[in-house]
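Participant: Structure in structure tokens, see below.
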Amino acid sequence: MHTLSNIRPVEILLVEDNPGDVRLTQEALEESKLYNNLTVVADGVEAMRCLRKEGKYAGATRPDIILLDLNLPKKDGREVLAEIKTDEKLKLIPIVILTTSNNEEDILKSYGLHANCYVTKPVDFDEFIKIVQAVHNFWFSIVKLPAE
């Protein structure tokens, strides 16, 4: 039998600059009952610092999954995705593109840069919860993830 004391939380890195979407994601994760540690960064530069454990992120835990918005300040999500997937130490971390864009060019480019999946954020909260639960069920109940 699993208890919270013998199961480690899922480490999630959310790269999102919209405070409203951050709140929605936090609420959806709470609703989904996913035992997690959520780290939030608001731009691509901070995301890479966090992943490389630089500066204030020196003690950061490697995420089990990254939820990445595409339209970010400083370094956009496409650049972050490309940088992660060409880094030997980071490239195996699954990346879920979670964005408002349903532009075919964004979808093709994201998969071309080796995104693990592409999800368009619904505007309805209940639909958003369903999406987060589906991501949770797929990535943490069905899929076998690589160890660090």
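The values are calculated or read from the model by the stated rules, or taken from the named source; none is laboratory data. What you see is a predicted model; the values in this text were computed from it and never measured. A quick note on method: Cβ atoms are made from the backbone with ideal geometry, for glycine too, and the neighbour counts reach across all protein chains shown. Please note that ligands, DNA and RNA were not included when accessible areas were found on the heavy atoms of the full protein model with its side chains. Shrake-Rupley method; radii C 1.70, N 1.55, O 1.52, S 1.80 Å.
Participant: So how compact is the chain: Cα radius of gyration and Dmax in angstrom?
Facilitator: Cα only, the chain: 14.6, 46 Å (Rg, Dmax).
Participant: Moving to a separate point now. Out of the total accessible area of the chain (probe 1.4 Å, heavy atoms of protein only), what percent is carbon and sulfur?
Facilitator: Carbon and sulfur atoms account for 52 percent of the accessible area of the chain.
Participant: With label points built 7 Å along Cα→Cβ from the Cα atoms of His114 and Glu88, find their separation and express it in nm.
Facilitator: About 1.3 nm separates the two model spin labels.
Participant: Go through the range 1-106 and name the GluC sites (Glu not before Pro) that are in a DSSP coil and have 13 or fewer other Cβ atoms within 10 Å of their Cβ.
Facilitator: Sparse-neighbourhood loop GluC sites (Glu not before Pro): Glu54, Glu88.
Participant: Where nothing but the Cβ of Lys and Arg (+1) and of Asp and Glu (-1) is charged, how large is the charge dipole of the chain around its Cα centre, in debye to the nearest 20?
Facilitator: It works out to roughly 640 debye.
Participant: Once every DSSP H run of n ≥ 4 in the chain is given -39500 (n - 2.57) and the sum is divided by its residues, what mean residue ellipticity at 222 nm do you get, rounded to the nearest 500 deg cm²/dmol?
Facilitator: -10500 deg cm²/dmol
Participant: While we're on this one: What number, in percent, do you get for the relative contact order of the range 59-148 if the mean sequence gap of Cα pairs under 8 Å and at least 6 apart is divided by its residue count?
Facilitator: Taking the mean separation of contacting Cα pairs over the length of the range 59-148, I get 26 percent.
Participant: Also: For the chain, report the accessible area per residue in Å² (1.4 Å probe, heavy atoms, rounded to an integer).
Facilitator: Value returned for the chain: 56 Å² of accessible area per residue.
Participant: Continuing with this model, one more query. Given a Förster radius of 30 Å and the C-beta distance between Arg62 and Glu30 as r, what FRET efficiency does 1/(1 + (r/R0)^6) yield to the nearest 0.05?
Facilitator: According to the calculation, E is roughly 0.85.
Participant: How much of the calculated P(r) for the range 1-61 lies past 13 Å, in percent of all Cα pairs?
Facilitator: 66 percent
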